[in-house]
Each structure stands twice: as C-alpha cells, then as structure tokens.
Amino acid sequence: MPTEPADRDWAGRLARVESRNVTDVRHAPPFWTEARGPRVRDAAGKVYLDFTGAFGVALAGHRHPLVEARLRSQAGRLLHGMGDIHPPAVKVEFLEALAAILPWPESRIIPGLSGSDAVEAALKTAQLATGRPGIVAFAGSYHGLTLGALATTHRDHFRTPFSERLADQVRFVPFPAPPSGAIGVLGTVTRLLDGASPVPVGAVIVEPIQGRAGVRIPPPGFLAELAGIVAERGALLIADEIFTGMGRTGTNFACDQEGVTPDLVCLGKALGGGMPLSACCGPVEVMNAWPSSTGEAIHTSTFLGNPMSCAAGLGFLEALAGDDLAGRARRLGAEALSFLSEALNGCDRVAAVRGRGLMLGVEMRDASGPDVTRRALERGLIVLPAGERGEVVELTPPAILTRDELRAGLEILVAAIR
Ligand SMILES: Cc1ncc(COP(=O)(O)O)c(C=O)c1O
C-alpha cells in the first residue's frame, strides 16, 4: 500500500504539536476542511452527514447563509473591538436581538465566548445577588471545565485530577431521570436550601435535559417544582440551556415547555451560529446585583463582545426566527424518535430510545456507544457517544435537515447499531 505523504498525516502532525491530552489521535479522526448545511468534508475528501451539529453548535447547519453573509460583511469592517471600553456597535445590535427573545420584561446580559464563560458569570451573579456561596448541582451534570464551572460539573473523569483546586461549596444531588421519580430529589434540595448544607446555598444549577450525561430527561413537572422550592427560599435557579436552548429541543428554551422562568439562563453553542459566543442572561432585578462599571469592569475579558461573534449571533437569531428552527427541531425530532423506536424495536442491544426535539439518545445495554460511533463514521455519519460509560449514542443534528437527509442518517445509524 502506498504510504501517505507526510503532509497528509494530519494525526501524526497534530500529535507533534498539540498537548496530548486534547485530541485522541489513536483512531486517526477525520480532519475537517469544509462544511455546509448538514454535511462535512474531511481532508481526504470524504463527505459525512453531521448528526452531532458539531457538539450541538450547528443547529442552523454549518455556514448558514445568513450567518455567512453577516460574517463577510463584518469581516470587511471590524474584526475586534474593545469589548467593555470602546464597545463594537454590533455588540449592541446582537444583545438587543437576544434580549428580545428572553423571557423577562427587561433583561440584562453578560456576553461571553464559551459555555463555561456563561456559567462562570452566572455563578458570580448568584454570589452577588444572594451573598450565599453554596451551590446545588446534579449528578451527571456538565457545566464546563474552567475551574468555577468544573466545580459544578459532576463526572469524576474531569474532576479528579484537579479536585484539590475545586471550590468546596457545591453539593450534588441525584438527577431525577425516569423510572426514578423526583420526590426524593426535591426533598434533598429542600433540606440543603434549609440549612443541611455546611455553606448557605444561593443557587441551584440545572440542565433542563442533561445532554452529555446521555440525554437524560427529568419527569414532567420536576423543573417547575424545583423552581418553586428555590424561589421560596430566596435562592436563584440557574438554567444551563447551553445545549438545550436556542430551539434545539423544539422551543427557544427547554424551560418554556415546563412553564418555568428561571432566574438566570446560560446560553452558548448554537447561539453563535458556529462562532464562539455565549451569554449569561437574567432579569434586570437579578443582574443589578452587579455594580455599575466605573471603568475597570470586575468581570470582563479581552474578546468580550467580539464583533465577528456578535455578527454571527445576529445571523443565527435571524435564522432561528426566519427558518423556524425550533418548530423544525420539534417536527424532525418527533419523526426521528418514532423512526428509531420502530427500527430498533426488539434490538437486544438497545435499552431505550428517547429525546426531545433534536436532542436524541439511543441507550445501549452494553456501553457500546463508542463502537457504534466508529461504525457509523465508516458509513459516513457523524454521531457521538454520551453518558458516563459511553452507553448512549447522542444525536443533535442541524434543524435544517430535509426529511430525506434525516431518514438517510437514521438508516445509517440503525445499520451501525444492528
Ligand atoms: C450543558 C452544558 N453546559 C456547559 C457546557 C460548556 O460549554 P463550553 O464547552 O462551550 O465551555 C456544555 C458543553 O458541552 C454543556 O453541554
């Protein structure tokens, strides 16, 4: 067999320059060079259907025309501004457009670049608003890997190497995923808020549906009851909608479907239409726990409100409304769920098929998510394993898929599972 020319050995070249903890190069992953809509092309020219939406980001598809147009126009004018000192005008336009779809009459937003940024900002906001440093988070949670956010992320895999650095003010309670109910969990949260925690609890942080834990959906009513318990005790409910938000689960925010208006919402992933962009959002009454800036902002960063990211965010928000991404996610998701349930019915290896909107999971009995993922990749479909043991195959495809593309991808998945 002819050997690959050295300059095509992307995995080998990467391994020689990137710290080894970052990319798993053992199976020579595809190196992406191009993407449009739901399709990705790799450096070898192979084309894939992307049913991860690249970590849930490409809800509007890769390079949505509205995002691309905004970026091209912005790139000809201003790439970088001075976020909190001489703010780019496009930051104002983006924040206004985002505020217009938030659930509070008057919202305030702290922009960021990553989901972790938004979580850090929310945790700081809760400290300022309540003066209580304790946090309640849920088993299985994933809120990011920067040190503040990591303290609220549950999985030992991420925590253990840094455990001595993690804030000791977080208490984890079980996440109520059926068949277990929510009553015991709500009792434990109540006790922690009522003083059972050694540090007074100022906030509860929750993913309305746990994504990376394997698309775990709590029982109906859980979020609303949790919100009630938290509100009665003067604490804040932080909804981490970084994965579930911006239409992914069939409505702009997953909390909408539970009739819950949280005190703070963290957004990221899809928000930037493919550019790094996130937001910690809340009503003005909560966000005014922050003092007015008098020049030296106490929470900011060099790239805050980056013009390119804000321009892309504007393009994404136009696509969200114009293409009815939430409605499409709802309809395509329902179709995917019924197709998979039928096609995998009676398959011994499959323990459950579940999802809401275009956030779907196939739970395998045998932790074979990574194997299925590899087989699907060979057949031209990109999916990811999720769950603590990789027991779930997670699907978060773009909402701009046609029904034929949806069907084509699901058929590959079913073949890879069977
Ligand atoms: C629910 C949730 N919160 C926070 C994060 C962290 O976001 P980021 O990786 O952009 O820092 C993620 C990432 O997967 C997530 O799924």
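Annotations for the structure displayed:
- Every condition in (1) touching a strand residue (DSSP E or B) at 6+ places or on another chain (Cβ under 9 Å); (2) of a type outside the set (Val, Ile, Thr); (3) not assigned by TED's automatic domain parsing to the domain that holds Ile209 holds for Ala311 except the one numbered (3).
- Subset of region 142-152 (residues that are near the ligand (Cβ under 8 Å from one of its atoms) and assigned to a loop (DSSP other than H, G, I, E, B)): Tyr142, His143, Gly144, Leu145, Thr146
- Identity of the residue in region 211-245, in a strand (DSSP E or B) and closer than 18 Å to Gly357 by Cβ, that ends up farthest from the chain's Cα centre (by Cα): Arg216
- Only a single item in (1) open to solvent by less than 30 Å² (accessible area, probe 1.4 Å); (2) at pLDDT 95 or above is not met by Ala177, and it is number (2).
- Residue match in region 189-199 (condition: under 23 Å from the mean Cα position of the chain (by Cα) and not hydroxyl-bearing (Ser, Thr, Tyr)): no
- Looking only at region 198-207, residues that are away from the ligand (no atom under 15 Å from the Cβ) and open to solvent by 10 Å² or more (accessible area, probe 1.4 Å) come to 3 in all.
- Some residue of region 301-311 being modelled with pLDDT of 95 or more, part of a strand (DSSP E or B) and within 16 Å of the ligand (Cβ to nearest atom): no
- Count of region 83-127 residues which are in contact with a helix residue (DSSP H, G or I) (Cβ under 6 Å, 6 or more places away or on another chain), within 16 Å of the ligand (Cβ to nearest atom) and among the aliphatic types (A, V, I, L, M): 3
- Some residue of region 344-366 being within 26 Å of Glu120 (Cα to Cα) and crowded, with 21+ Cβ neighbours inside 10 Å: yes
- With respect to (1) more than 21 Å from Leu320 (Cβ to Cβ); (2) open to solvent by less than 20 Å² (accessible area, probe 1.4 Å), the lone exception for Leu102 is condition (1).
- Single residue of Gly409, Gly333 found to be outside the structural domain of Ala254 (by TED's automatic domain parsing) and within 18 Å of the chain's Cα centre (by Cα): Gly333
- Enumeration of residues in region 256-301 that are of a type in the set (Asp, Glu) and touching a residue at least 24 places away in the same chain (Cβ under 8 Å): Asp256, Glu258, Asp263
- All strands (runs of 3 or more DSSP E) inside region 4-108 with 1 or more residues being without any contact (Cβ under 8 Å) to a residue 24 or more places away in the chain: 32-36, 39-42
- Checklist (1) out of contact with any helix residue (DSSP H, G or I) (no Cβ under 7 Å at 6 or more places or on another chain); (2) open to solvent by 40 Å² or more (accessible area, probe 1.4 Å) applied to Gly37, failing item: (2)
- Listed by first and then second residue, the pairs with beta-carbon distance under 8 Å, at least 6 apart or on different chains, first residue in region 234-245 and within 18 Å of Thr190 (Cα to Cα), second in a strand (DSSP E or B) and within 8 Å of the ligand (Cβ to nearest atom), are Ile238/Cys266; Ala239/Cys266.
- Leading residue by the ranking (nearest to the ligand (Cβ to nearest atom)) among those in region 246-272 that are assigned to a loop (DSSP other than H, G, I, E, B) and polar (S, T, N, Q): Thr249
- The number of residues in region 374-413 being over 24 Å from Gly272 (Cβ atoms), in a helix (DSSP H, G or I) and open to solvent by 20 Å² or more (accessible area, probe 1.4 Å) comes to 10.
- Residues in region 208-242 that are within 11 Å of the ligand (Cβ to nearest atom) and touching a Pro at 6+ places or on another chain (Cβ under 9 Å): Pro208, Ile209, Gln210, Ile238, Ala239, Asp240, Glu241.
- Lone qualifier among Gly61, Gly56 - being surrounded by 20 or more Cβ atoms within 10 Å (Cβ to Cβ) and either within 16 Å of the ligand (Cβ to nearest atom) or at pLDDT below 95 (or both): Gly56
- Residue within region 177-191 that is among the basic types (Lys, Arg), out of contact with any helix residue (DSSP H, G or I) (no Cβ under 8 Å at 6 or more places or on another chain) and under 25 Å from Leu358 (Cα atoms) present: no
The values are calculated or read from the model by the stated rules, or taken from the named source; none is laboratory data. Only a predicted model underlies this, so the values are computations on that prediction, with no experimental measurement involved. Cβ atoms come from the backbone with ideal geometry, glycine included; neighbour counts cover every protein chain shown. For accessibility, only protein heavy atoms count, side chains too; no ligands or nucleic acids. Shrake-Rupley method; radii C 1.70, N 1.55, O 1.52, S 1.80 Å.
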